[in-house]
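Heads up, the thing below is written out as structure tokens.
Derivation of every value follows stated rules applied to the coordinates shown; laboratory data play no part. The shown structure was predicted, so the numbers you read here are calculated from the model rather than taken from an experiment. Here the Cβ is made from the backbone with ideal geometry for all residues, glycine too, and neighbour counts use every protein chain on show.
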Amino acid sequence: MGNDETVINQVVNRYSRAHNLIPATALSRVGSIAYTVVVAWYVSQHAGNQMVGLMNALNGAGVLLASILGFTIIDRYNKKTLLIAYDIINSIFCIVAAVLSIYLDRHASVFIVLILSAWLSLIATIYAPTSRAIIPEILHTQEFEKYNSVYSVVGELSRSAGPLVGAAILAQQTADALEAALIVNFVSFMLSLV
């Protein structure tokens, strides 16, 4: 009887860990997308549309670099450790950027968010395949289909919620929209660690 309970506990624990990944990924994505909405507005307001174009180019460069190098990182290191490290590093960068943006002038803040945005794009590009690659380590093959359906639906919902959160931050019409977006992104990364 004890052996059956051990097997059942292992299955429940493995399935629970897999489902914890879904809200963690969704929270992280909501914060990042909300941040992206606010930062595009912020950069446009304080540095002009040309800088928005530069920001998008830097983000694209981050995605390209991550696409080329990401698979070597994902296959080489423990995936759970990578996901945790991504969220910790991103949360630290967001809170540091929030603090710096309070003390620096608007033009210096623009450069900070350009660098941060490129970094976040790079990590987001690596985060997605890492979170997918860990699934076989957690679930059995017969559980994939149901899990992938839920993962995909929640992923699409978080892509929809992110712009709404960003728009809500901007709707407050405060001078601190950038700081608020950075804090929301920080909180989303921290909550995804829980």
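For the chain, a simple Cβ point-charge model (Lys and Arg +1, Asp and Glu -1, everything else neutral) yields a dipole of about 200 debye relative to the Cα centre. Taking the helices alone, the chain has a mean residue ellipticity at 222 nm of -32000 deg cm²/dmol, built from -39,500 (n - 2.57) per DSSP H run of at least 4 residues and averaged over all its residues.
Mind giving me the FRET efficiency for Leu104 and Ser160? R0 is 41 Å, r the Cβ-Cβ distance, nearest 0.05 is fine. According to the calculation, E is roughly 0.80.
When the chain is described by a simple charge dipole with +1 on each Lys and Arg Cβ and -1 on each Asp and Glu Cβ, the residue from Ile183, Phe93, Phe111 located farthest towards its positive end is Phe111. Using only Cα coordinates, the Kirkwood hydrodynamic radius of the range 100-186 works out to 15.7 Å. For the pair Ser44 and Gln142, label points projected 7 Å from Cα toward Cβ lie 5.2 nm apart.
The three principal axes of the Cα atoms in the chain give end-to-end lengths of 67, 35, 27 Å, sorted in falling order. Sorted largest first, the principal axis extents computed over the alpha-carbon atoms of the range 22-88 equal 42, 27, 16 Å.
Quote the Stokes-Einstein diffusion coefficient, in whole µm² s⁻¹, for the range 44-137, based on the Kirkwood radius over alpha carbon pairs, a temperature of 4 °C and a viscosity of 1.567 mPa s.
Value of D from the Cα-based Kirkwood radius: 90 µm²/s.
Which net charge results for the neighbourhood of Thr125, defined as the other residues with beta-carbon distances under 13 angstrom from its beta-carbon, given Lys and Arg at +1 and Asp and Glu at -1?
Details: positive: Arg29, Arg132; negative: none.
Spelling it out: positives minus negatives among the neighbours equals +2.
Where Lys and Arg each count +1 and Asp and Glu each count -1, what net charge lies around Gly70 among other residues with Cβ under 13 Å from its Cβ? Intermediate values should be presented prior to the final figure.
On the way: positive: Arg76, Lys79, Arg132; negative: Asp75.
Charge balance in the 13 Å sphere: +2.
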